[in-house]
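Undergrad: One structure, as structure tokens, below. Some questions next.
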Amino acid sequence: MPRKLHLNAFLMNTGHHEASWRLPESDPYAHVSLEHYVRLARTAERGTFDSLFLADGPQLWNTVAQRPAGALEPLTLLTALATATEHIGLIATASTSYNSPYNLARKFASLDIISGGRAGWNVVTTAGAEAARNFGLDAEPAHAERYARAAEFLDVALKLWDSWEDDTIVADKAAGVWGDDAKIHPPRHQGTYFSVEGALNVPRGPQGYPLLVQAGSSEDGKRFAARYAEAVFTAQQTLADAQDFYADLKARTAAAGRDPEHLKVLPGIVPVIGSTEAEALARERQLEDHIVHEHGVRRLEELLRLGPGSLALDAELPDGLPSEDAIEGAKSRYTLIVELARRERLTVRQLIGRLGGGRGHLTFAGTPEQVADTIERWFSLGAADGFNIMPPVLPSGLDTFVDHVVPILRARGLLRTEYGPRQTLRERYGLPRPANQHLTGVPALV
Ligand SMILES: Cc1cc2nc3c(=O)[nH]c(=O)nc-3n(C[C@H](O)[C@H](O)[C@H](O)COP(=O)(O)O)c2cc1C
């Protein structure tokens, strides 16, 4: 079988471009509209995407002045989307810093059962002090500590999903025996961050575990991915950087005793599509013209740890910015943004324009053929197993991608033309159903 692309639709209210909500076509209430998300999910399914994905954090991001803020809780929304779709995988973001393993493992097992094996979890450690202050902390826990807690969180969640063997339920009405107690395995976990005694109160889901996705690119993030992640979302600006990241992560996965094929790397791309190159560039300019730069300057100052008024719109970034080691928030994104500005000698205004489209993800403006060419190049040159498709404007950007880019990818043999028989999300990503650690006697996922 020739290698096929994995496509994930990263859905975000009116689109990934921060000014998308201001276009005449956009619904400023889309972020709380179930109809909007049902429409997007069905479009992605028409494009035979592997999965769709919702980002999240337990805090109100940005200011409500800037763009539509707040979002429906992902697991709740995906449960509704599970009933409106048939094939597409449903990936929810949830934080290991501000949840407890028992409650969260139960929610993902529930979504997996309700969706017929289509649940995925984007495991995040949640950067930023705003979220910390919503959970009784004064400051965000240190980066390394967040990842240490995440690793223990995963170990507990895996034990909980394995706390029922697949054939625990016998439902023997004649004998009056519903289940086999010998097949229940309470975690009895006592660790640094968690103690969890009993078995989960929901059976093992169709996939065993939801698809485990991760998106941190720092040293700690990559170590975590190599051990636990089955798909990795990443922001990469250049083909060379993406190739380095891809090779590094695959090597680390092998070194962790896992099959590198069982970790799929999906860089993000923000495709700005026009029927001609000029039309695509005009669309990109139209979006940039709607950016309110004052909002962007303040956000950039916060990201760079600068006080208000430190950045001038038409100057380059100042010298003497902190190194990644000094950043406790999202380390790799910080470095990506500073390197992008320095490499291309961007002014603050230009940098805000570039980030406004995709917050550091690759933005590509062109015809459907050019977008397909970029995707194919990265896919065939060892930079990606697939892509996180991040339309700048929704729903129109996803419609255009599915109507005009998907047929080209199919014609080139890079993408399935139909789903075929029903499959779990793991099967779509070419991953095995994990064995129960209590039966194999080896740690989960290895
Ligand atoms: C495509 C993508 C989606 C992400 N979604 C979320 C999210 O929903 N919530 C969140 O807190 N962080 C999200 N992140 C951020 C990562 O989880 C991580 O914090 C960030 O990439 C920095 O990681 P690092 O500190 O290991 O470098 C996302 C990152 C990427 C690349």
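Undergrad: Taking the alpha-carbon centroid of each part, what is the distance from the stretch 401-437 to the stretch 169-196 in angstrom?
TA: 34 Å
Undergrad: Subtract the Cα-Cα distance of ARG410 and SER323 from 0.36 nm times their separation in residues, and report this length gain in nm to one decimal. Display every interim value, and only then the final one.
TA: Numbers: separation 87, 0.36 × 87 = 31.32 nm, distance 4.34 nm.
So the extension gain works out to 27.0 nm.
Undergrad: Calculate what fraction, in whole %, of the accessible area of the chain sits on carbon and sulfur atoms when a 1.4 Å probe is rolled over the protein chains.
TA: Carbon and sulfur: 53 percent of the exposed surface of the chain.
Undergrad: Another question about this same structure. Relative to the first principal axis of the alpha-carbon coordinates of the chain, what is the inclination of helix 348-358, with its axis defined by its Cα atoms, in degrees from 0 to 90 and to the nearest 10?
TA: Between helix and principal axis, roughly 40 degrees.
Undergrad: Over the chain, what is the relative contact order in whole percent, taking alpha-carbon pairs under 8 Å and six or more residues apart?
TA: 23 percent
Undergrad: A further question on this structure: On a 0 to 90 degree scale, rounded to 10, what angle separates helix 368-380 from the longest Cα axis of the chain?
TA: Compared with the principal axis, the helix lies near 50 degrees.
Undergrad: Follow-up question, since we're still on this one. Using the alpha-carbon atoms, what tilt in degrees (0 to 90, nearest 10) does helix 74-84 show relative to the longest principal axis of the chain?
TA: Here the helix axis deviates by roughly 80 degrees.
Undergrad: Using the alpha-carbon centroid of each, what span in Å lies between the stretch 215-232 and the stretch 18-85?
TA: Centre-to-centre (Cα) distance: 25 Å.
Undergrad: Tell me, what is the FRET efficiency for LEU34 and ILE114 to the nearest 0.05, using R0 = 25 angstrom and their Cβ-Cβ distance as r? Could the numbers behind the result be given before it?
TA: On the way: r = 16 Å, r/R0 = 0.63.
Efficiency computed from Cβ-Cβ geometry: 0.95.
Undergrad: Output the pairs from LYS4/LYS159; LYS107/LYS159; LYS183/LYS264 with a Cα-Cα distance over 22 Å in this structure; if there are none, say none.
TA: Details: LYS4/LYS159 32 Å; LYS107/LYS159 15 Å; LYS183/LYS264 32 Å.
Result: LYS4/LYS159; LYS183/LYS264 exceed 22 Å.
Undergrad: While we're on this one: If each DSSP helix of 4+ residues adds -39,500 (n - 2.57) and the sum is divided by the residues in the chain, what number results at 222 nm, nearest 500 deg cm²/dmol? Each step should come with its number before you reach the end.
TA: Values: 16 runs with 169 residues, N = 446.
Roughly -11500 deg cm²/dmol at 222 nm, from the helical runs in the chain.
Undergrad: Can you tell me the order of 3-16, 242-255, 407-420 when each peptide is scored by its average per-residue count of other Cβ atoms within 10 angstrom, highest first?
TA: Working: 3-16: 23.3, 242-255: 16.9, 407-420: 15.1.
Averaged packing, sorted descending, gives the order 3-16, 242-255, 407-420.
Undergrad: Taking 7 Å along the Cα-to-C-beta vector as the label spot, tell me the ASP181-ALA278 distance in nanometres, rounded to one decimal.
TA: Spacing of the two 7 Å Cα→Cβ label points: 7.9 nm.
Undergrad: Once you've got the GNM for the chain with C-alpha springs shorter than 10 Å, pick whichever of VAL170, VAL124, VAL156 has the biggest mean-square fluctuation.
TA: Of VAL170, VAL124, VAL156, the Gaussian network model singles out VAL170 as fluctuating most.
Undergrad: Okay, moving on. Once you've got the GNM for the chain with C-alpha springs shorter than 10 Å, pick whichever of HIS143, HIS189, HIS17 has the biggest mean-square fluctuation.
TA: HIS189
Undergrad: Got a sec? What order do TRP178, TRP21 fall in by accessible area at 1.4 Å, biggest, i.e. largest, first?
TA: Numbers: TRP178 150, TRP21 80 Å².
Largest to smallest exposure gives the sequence TRP178, TRP21.
Undergrad: Normalised radius of gyration for the stretch 4-122, please: alpha carbon Rg relative to 2.2 N^0.38 Å, two decimal places.
TA: Numbers: Rg = 14.6 Å, N = 119, 2.2 N^0.38 = 13.5 Å.
Rounded to two decimals, the normalised Rg is 1.08.
Undergrad: Rounded to the nearest 20 Debye, what is the dipole magnitude of the chain about its Cα centre when Lys and Arg each give +1 and Asp and Glu each give -1 at the C-beta? Intermediate results must be reported in sequence, preceding the final value.
TA: Details: 46 positive and 56 negative charges, 109 e Å.
For this selection, approximately 520 debye.
Undergrad: Here's a follow-up. What is the distance, in nm, between label points placed 7 Å from the Cα along the Cα-to-Cβ direction at ASP138 and at ASP172?
TA: 6.0 nm
Undergrad: Kirkwood hydrodynamic radius, the chain, all distinct C-alpha pairs: what's the number in Å?
TA: Values: mean 1/r = 0.0440 Å⁻¹.
Kirkwood radius, the chain: 22.7 Å.
Undergrad: OK, next. Simple spin-label model, 7 Å along Cα-to-Cβ: ASP314 to ASP248 in nm?
TA: Going by the 7 Å Cα→Cβ label model, 3.8 nm.
Undergrad: Near GLY221, within a Cβ-to-Cβ distance under 12 Å, what is the net charge of the other residues, with Lys and Arg +1 and Asp and Glu -1?
TA: Spelling it out: positives minus negatives among the neighbours equals +3.
Undergrad: Which Cα, out of SER97, LEU414, LEU362, lies furthest along the positive dipole direction of the chain (beta carbon charges, K/R +1, D/E -1)?
TA: So the residue furthest toward the plus end is LEU414.
Undergrad: Among residues other than PHE233 whose Cβ falls under 14 Å from its Cβ, what is the net charge (Lys/Arg +1, Asp/Glu -1)?
TA: Once positives and negatives cancel, what remains is 0.
The values are calculated or read from the model by the stated rules, or taken from the named source; none is laboratory data. Computed from a predicted structure; not experimentally measured. When we count neighbours, we look across all protein chains shown, and the Cβ atoms used for this are built from the backbone with ideal geometry, even at glycine. Keep in mind that these areas ignore ligands, DNA and RNA; they rest on the heavy atoms of the full protein, side chains included. Shrake-Rupley method; radii C 1.70, N 1.55, O 1.52, S 1.80 Å.
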